[in-house]
Structure formats: structure tokens, C-alpha cells
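Shown next, in C-alpha cells, is the structure this report addresses.
The values are calculated or read from the model by the stated rules, or taken from the named source; none is laboratory data. As the structure is a computational prediction, the values presented were derived from the model and not from experiment. Neighbour counts are summed over all protein chains in view; Cβ atoms, including those assigned to glycine, are modelled from backbone coordinates with ideal geometry. Side chains are part of the model used for accessible areas, which takes the heavy atoms of the whole protein and leaves out ligands, DNA and RNA. Shrake-Rupley method; radii C 1.70, N 1.55, O 1.52, S 1.80 Å.
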Amino acid sequence: MSAGAPRGAGGPGEGGGLRASLSGLTTRGRSFVAAGIAASACAYVLGQGALLRVGMLLAVLPLICVYALHRTRYRVSGSRRLSPGRVPAGAEARVQLRMDNVSRLPTGLLMLQDRVPYVLGPRPRFVLDRVEPGGRREVSYRVRSDLRGRYPLGPLQLRLTDPFGLVELTRSFSSYDTLTVIPRTEPLPPLRLAGESNGYGDGSRRSLALAGDDDVIPRSYRRGDDLRRVHWRSTARYGELMVRREEQPQRSRATVLLDTRRLAFDGAGPDSAFEWAVSAAASSLVHVLEQGFSARLLTDAGSSVPGEGAGGFSAGGQESAEAAGLMMDTLAVIGHSDGAGLSRAYDAVRGGAGFGEGGGDGLLIAFFGDLDDVQTELAAKMRQRASGAVAFVLDTREWGGTPAAGHDVPPLEERLRRLRDAGWTALAVPPGSAYAELWRQAGTARAGTGTNGGRE
């Protein structure tokens, strides 16, 4: 968090003049003023000079405190450090606050508080004793949320009080920090699923020609090339030393499709079917990236995460880690869509919607809510462009909800049968299921039907 303004107790939020400072009178301060005015009026009527002096003292004392605090010229700077800035739901993050007195004068008693959303817990408040010139004070607190999302922290505020508790003024810094609460993820076992035979686990990279058929033509020898790669036939033909080009590894691809349609899921909250699907999608993305896949996240709207690599898929190395962060940030704030169908997602899997030709190749992991006959048929067709496909189907009725009005949904077993007939490995998701166990069941089901989904 940036430093405060060069004067005052809180910097940028300071201002408003003496009249604004009067609004800082506490209940005790207002009571003193009221009692002083009442005593002065009675003293005037009764002709009591001593009572008049007492009344004037009671009325003037809070005003003196207001003026004194208004004229206070502390020079302080504040900073906030959030660690980490991205946490799973239910985990804690630590926030460290630091106040520096950059003036040549000591401060008085300061009350420091930070503004946080109510879902992160109570507002933290700290009392700072006198801070010497050039001194600093550090305090910390923890925040935690069971709900994913992006939560602003700040602004940091200083509250000045007088020794009598008659006035309380607040000065605010201007900057914010953001805590991103991502979905919970589960570690998944490294199973061999359809679509992964070209590159899963130790064999996660397959060698392909770098530039198609032309790439088989050897190139001229360059200093440092391994002599074992010399292509003698081409050397004799061209009259110069020629070497075979290196074949370049291409990462296997995985697409995680998340159905976010409002009419497909009923209810919200940490224990809802939709939150289960979001958390499972996050677990899948983390898992396939750890296994060396190039991954992308799709929704029913057919949109991918901004900032991914070519074709909507993440790249390798550091770029893969950055893409994972983008996907987790997207899942942290994703909500229900108003879409009615999966046509855009189908186009994206098929290679349309700007994702490039062949974008649907590789492993497809889908999380579906309620599917009517039309959407079930469309989901079944997605299998044609994937070398392996696994679907986890959540039924609103089983999760204690009610299907959307006018949305005719076939029985769950019927939907599963139609997906399996199309080559999907389709599993139902009972309420409260552990995703790791369902993932293991998916691998067992594939092993029992063969790598082609029973379509050998």
C-alpha cells in the first residue's frame, strides 16, 4: 500500500476543514456540550456565576479538543503486505500492516484499523502507543473466507482521539489490496485415461515434425551440432555437411469444460452442486498441468481464459504457471450464466470460435448440470473431436434442488446412457462426493472399456 500524505494522521483522506472535524465529536463529547449549554442557561437564569463557569468549561472543552486534533500535524506513512495474495477457500492469508512516523515529532495515541469485507471476518483494530520520530510499528492479522471471490482490503484508517475521549477523527489512506480466494482443489491420482496415451505421465510429450513434411529435409551443419546427426545421403547429394533436424516435442492437450448455465444448476453456496463443479474443474486443471499437459478452460459460453497461448491452450514452463493462475482467478469469480445451451462450447471444442483448427483434439473433461434432450445430444457430439472424453454429470434433483421451470430434463440414467453410447466416460455425481474418488472411478471405467470408449 502506498504511503500517506505528508501531513496529518492519515494522509489522502484528510480534509474537510474545522467544520468536518466537529462531526468527530463522540457521544461523550456531545453530552459535554449539551450539559455545558444547559448549565450555562440555568446559571444565567438563576444568576449563579460559579455554575456559569462550570457550564462554559463543559461546553468549551470538547471544542478545544476538536481544534487540537484538527491542528495535529503528524507525518506518517502506512503499508500493507498480503501473503499470499491468492488462497484456496477455507485457507488463511496473513496481512501485515506497518506504520512509519516520518516526522520529527512523536505521535500521540493512534487507533489503526483496516477495512475488510464481512465475509473475511471482523474489522481488525489496533491501538498504537506513542511512535517516536523515525519510528515504526508493525501489526498483523489473518483473514479467511469459505466463499471464493475477489475481496478488497482497505483503505487503511487511522483514528485520532483526545485524552478525554471527547473527539475521534478518522484519516484514511487511499490504496487497496485484493485478496483472491480460489476454489478448493483436491490432489488427483495420475491415472491413464483415454486421450492420454500420446502423452501422460512420463510419456507426456510426443515428437512431431516442426514444420510438416518439409521439415524432414536436412539442414546445413552448424557449429556445435552432434556429428551423430549427420545425414550422409544428403551430404553426398549437396556436397556439404548436412544434419537431420531435431524433432520438437508437442505437449498433449486437455480441455476442461464447465457448464455454468443458471438453468442447469439450482442453488448456490459452498455445498451446492455448482460449487462442487467449480472446485472439481479447478482440481482437473491443476492436475493436467502438473502432468505436463497444455490446458484450457472453457465455459458453456465458449469463452476461454484471456492470456492463454495459441489455440486457447496454455504454453509450457513459466507461461504454464501464469496460465494456471489466470484460470484459477477466473474460477474464483465465475458465476451462473444466462445461456440456454452448449452450442458455443461445442463450436469451441470443434475448433471454432477463434480457437484454431484442431482445438478440440486431446482429452476433454466436462462438468455438466441438467441437460435436456437437445443439450444431451450436443454434448454427445463433442466426443467426436476429442481423443478421450470424461463427463461428470450433476443432477439437480439428487442435490435437493428443483429443475428450472420449462426445462424438460430426462432421467439421469438416460443422459448417462446417451453420453456413454457416444463414447464418453460418464459418471453421475452424488451429493457430497469426493472428486478424487470419482476421478479414480473414471480411470477404472476407461480401463474396462478400452481406450476408445468401447468403440474399437
What is the extension gain from R222 to V45, computed as 0.36 nm multiplied by their sequence separation minus the C-alpha to C-alpha distance, in nm to one decimal?
52.8 nm
In nanometres, what is the gap between the two model label sites at A428 and V374, each 7 Å from Cα along Cα-to-Cβ?
2.6
Nonlocal amide H pairs with R219, under 5 Å, H built at 1.01 Å
V243, R245
Report, to the nearest whole %, how much of the accessible area of the stretch 52-143 belongs to carbon and sulfur atoms, 1.4 Å probe, protein only.
55
Whose amide H sits under 5 Å from the amide H of L179, counting only residues 5 or more places off or on another chain, with H placed in the peptide plane?
Y151, L153
Once all protein chains are kept in place, D338 shows an accessible area at probe 1.4 Å, nearest 10 Å², of 140
